[in-house]
Amino acid sequence: NPASALTVTDQRFGAYSALSEIGTFITRKFMADESIFERDDVSIGEVIDTVLTALSSSMSKEKGGTDAASEKTKKAGFATLLQWTSLFKQIGGKSGGYDSTVAYLAKPAQDMAKPGSSSLSSEFRFRVGSLLTS
């Protein structure tokens, strides 16, 4: 499981940054020539699915924290997750990674609907606020 290997904040930040650069590269290639991903030897949909699954798994463990490095890593991970979700919507792929991403995004709202939940959680504010500003 690739997400479990990223245990140090700096490692996760590096992984999120690398995946962001790869996502930017794929987006540029796709915008220039959509047919580039229609060849049999390129399974970009599987790549997108795997990345979304790993990102949503990693982000579900991302707690942020009081230190600047943790918050920076969490924000970078969320931005990368949204970038790859956009790639899924543009290019396509298996739905497993997309489904796990939607589950990650919806979890704070689902938690708020549970009995005994009294206020907006910081995770809900973070996820919804990040979605609105992206």
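The values are calculated or read from the model by the stated rules, or taken from the named source; none is laboratory data. Predicted model only: the values in this text are computed from it and were never measured. Here the Cβ is made from the backbone with ideal geometry for all residues, glycine too, and neighbour counts use every protein chain on show. Side chains are part of the model used for accessible areas, which takes the heavy atoms of the whole protein and leaves out ligands, DNA and RNA. Shrake-Rupley method; radii C 1.70, N 1.55, O 1.52, S 1.80 Å.
Using 0.36 nm per residue of separation minus the Cα-Cα distance, give me the extension gain between Phe25 and Ser122 in nm, one decimal. Value of the extension gain: 31.7 nm. Protein heavy-atom surface of the stretch 48-112, 1.4 angstrom probe: 58% of the accessible area is carbon and sulfur, with nucleic acids and ligands not counted. Electrostatic tally near Gln83: other residues with Cβ closer than 13 Å to its Cβ, Lys and Arg +1, Asp and Glu -1, net +2. The residues packed around Arg12, meaning those with a beta-carbon under 10 Å from its beta-carbon, carry a net charge of 0 if Lys and Arg are +1 and Asp and Glu are -1. Could you tally the net charge around Ile22, taking each other residue with its Cβ under 13 Å from the Cβ of Ile22, Lys/Arg +1 and Asp/Glu -1? Local charge sum for Ile22: +1.
In order along the stretch 16-21, the phi-based Karplus estimate (6.51 cos²θ - 1.76 cosθ + 1.60, θ = phi - 60°) of 3J(HN,Hα) comes to 4, 5, 5, 5, 5, 5 Hz; Gly and Pro are listed as x.
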